[in-house]
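Engineer: Attaching a single structure in structure tokens format; questions to follow.
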Amino acid sequence: MPALKFPQFLKRFKLTILRVATDDVIPGAVLSPRRGYIYQGHLSELLAGQPKKFWKTELDPANIVYGTVEREFSLSGKASLDQMGVKVEGGLGRAKSVKYSISAVHAQTFLNGTGHASMFSLTPRLHQLKKRNRRAWRMVNNKWVVLETYYASEAEVTFATSGSVDLKGDVENAGGVSVHGGGGIKWTGERSFKIIENNAVPFAFRGWKV
């Protein structure tokens, strides 16, 4: 099966990319659409009085990757990289580009069932703010509410270079590679490594605009 390009993948599954992703972007987060969906806060701060279980989430395989999804970045003039939950501290001066071949995606969602947050349970609560708390309403009006976040849990990361380059040595001498939230890294060659359990920083989300 041929690899699916990243823009096609997003379109097929109606995902919105996070251009500035952090580990506090989880279900219930409020995002400003300006400059790539910037984290503003969490709805639990505005909708006080909900029991803790209301906001509980679970992380499961998304079952939306059949084969491989590919995403590429140019590295022209860049020595470091921080994308898709993976941080390369430096040593990329001789790399031209990088390709992520994503083989597994996980999704974080609210728990199913009565008594847990969902679009149906959150919508009336948010619109009550419009009547009872105008200050809080302005914090969410025209913002996006996150219902699901998506993570590139497993991927092969491959760098393109001019000629034969020991990029692994360059990177390790400059500080190495890390996965946000403690996932694993295994070098598979001088210019490639695999990542596993990359489930802390999402690359995309589903939600709705208030």
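The values are calculated or read from the model by the stated rules, or taken from the named source; none is laboratory data. From a predicted model like this one, the values you see are computed outputs, not experimental measurements. Cβ atoms come from the backbone with ideal geometry, glycine included; neighbour counts cover every protein chain shown.
Engineer: Going residue by residue through segment 10-33, is there one that turns out to be over 29 Å from Lys130 (Cβ atoms) and either touching a strand residue (DSSP E or B) at 6+ places or on another chain (Cβ under 7 Å) or of a type in the set (Val, Ile, Thr) (or both)?
Structural biologist: Yes.
Engineer: Same structure again: Can you tell me which residue among Ala29, Ala3 is closer than 15 Å to Ala152 by Cβ and of a type outside the set (S, T, N, Q)?
Structural biologist: Ala3
Engineer: Of the numbered conditions (1) more than 14 Å from the chain's Cα centre (by Cα); (2) in a loop (DSSP other than H, G, I, E, B), Val201 fails exactly one; give the number of that condition.
Structural biologist: (1)
Engineer: Within segment 16-65, how many residues are aliphatic (A, V, I, L, M) and part of a loop (DSSP other than H, G, I, E, B)?
Structural biologist: If we filter segment 16-65 for residues that are aliphatic (A, V, I, L, M), which is where we start, we get 17-18, 20-21, 25-26, 29-31, 38, 43, 46-48, 59, 62, 64-65.
Going one step further and asking which of them are part of a loop (DSSP other than H, G, I, E, B), we end up with 18, 20-21, 25-26, 46-48, 62, 64-65.
The number of residues fulfilling the criteria is 11.
Engineer: Among the residues of segment 85-94, is there at least one that is within 30 Å of Arg125 (Cβ to Cβ) and either within 15 Å of the chain's Cα centre (by Cα) or surrounded by fewer than 18 Cβ atoms within 10 Å (Cβ to Cβ) (or both)? Spell out how you get there, then give the answer.
Structural biologist: Of the residues in segment 85-94, the ones within 30 Å of Arg125 (Cβ to Cβ) are none.
The answer is no, given that none of the residues of segment 85-94 is within 30 Å of Arg125 (Cβ to Cβ) and either within 15 Å of the chain's Cα centre (by Cα) or surrounded by fewer than 18 Cβ atoms within 10 Å (Cβ to Cβ) (or both).
Engineer: Further question: So, in segment 183-198, of the ones that are under 15 Å from the mean Cα position of the chain (by Cα) and outside any strand (DSSP E or B), which residue ends up farthest from Thr16 (Cα to Cα)?
Structural biologist: Filtering first and then ranking leaves Gly183.
Engineer: A further question follows. Right, Tyr66: on the phi > 0 side of the Ramachandran plot and in contact (Cβ under 8 Å) with a residue 24 or more places away in the chain or not?
Structural biologist: No, not satisfied.
Engineer: Still on this structure: Taking the conditions exactly as written (in contact (Cβ under 8 Å) with a residue 40 or more places away in the chain, of a type outside the set (A, V, I, L, M, F, W, C) and either buried (at least 18 other Cβ atoms within 10 Å of the Cβ) or touching a strand residue (DSSP E or B) at 6+ places or on another chain (Cβ under 7 Å) (or both)), does Ser74 satisfy them or not?
Structural biologist: So Ser74 fails the test.
Engineer: Separate question: Counting only residues that are more than 30 Å from Gln40 (Cβ to Cβ), give me the helices (runs of 4 or more DSSP H) lying completely in segment 71-180 with at least 3 of them.
Structural biologist: On the way: elements: 119-132, 134-140, 167-174.
Per the criteria, 167-174.
Engineer: When segment 60-71 is examined, which residues are found to be loosely packed, with under 15 Cβ neighbours inside 10 Å and either under 23 Å from Ala200 (Cβ atoms) or out of contact with any Pro (no Cβ under 9 Å at 6 or more places or on another chain) (or both)?
Structural biologist: Matches in segment 60-71: Asp60, Pro61, Asn63, Ile64, Tyr66.
Engineer: If you don't mind, another one. Which one of these is modelled with pLDDT of 95 or more, touching a Ser or Thr at 6+ places or on another chain (Cβ under 8 Å) and either closer than 27 Å to Leu59 by Cα or of a type outside the set (Asp, Glu) (or both): Phe159, Phe193?
Structural biologist: On the way: Phe193 fails: touching a Ser or Thr at 6+ places or on another chain (Cβ under 8 Å).
Result: Phe159 is the single residue among Phe159, Phe193 that is modelled with pLDDT of 95 or more, touching a Ser or Thr at 6+ places or on another chain (Cβ under 8 Å) and either closer than 27 Å to Leu59 by Cα or of a type outside the set (Asp, Glu) (or both).
Engineer: Could I ask something else about it? Being within 17 Å of Val140 (Cβ to Cβ), modelled with pLDDT under 95 and among the small types (Gly, Ala, Ser) narrows it down to one of Gly36, Gly49, Gly67, so name that one. I'd like the intermediate steps shown before the answer.
Structural biologist: Details: Gly36 fails: within 17 Å of Val140 (Cβ to Cβ); Gly67 fails: within 17 Å of Val140 (Cβ to Cβ).
Step by step, each of Gly36, Gly49, Gly67 is checked, and only Gly49 is within 17 Å of Val140 (Cβ to Cβ), modelled with pLDDT under 95 and among the small types (Gly, Ala, Ser).
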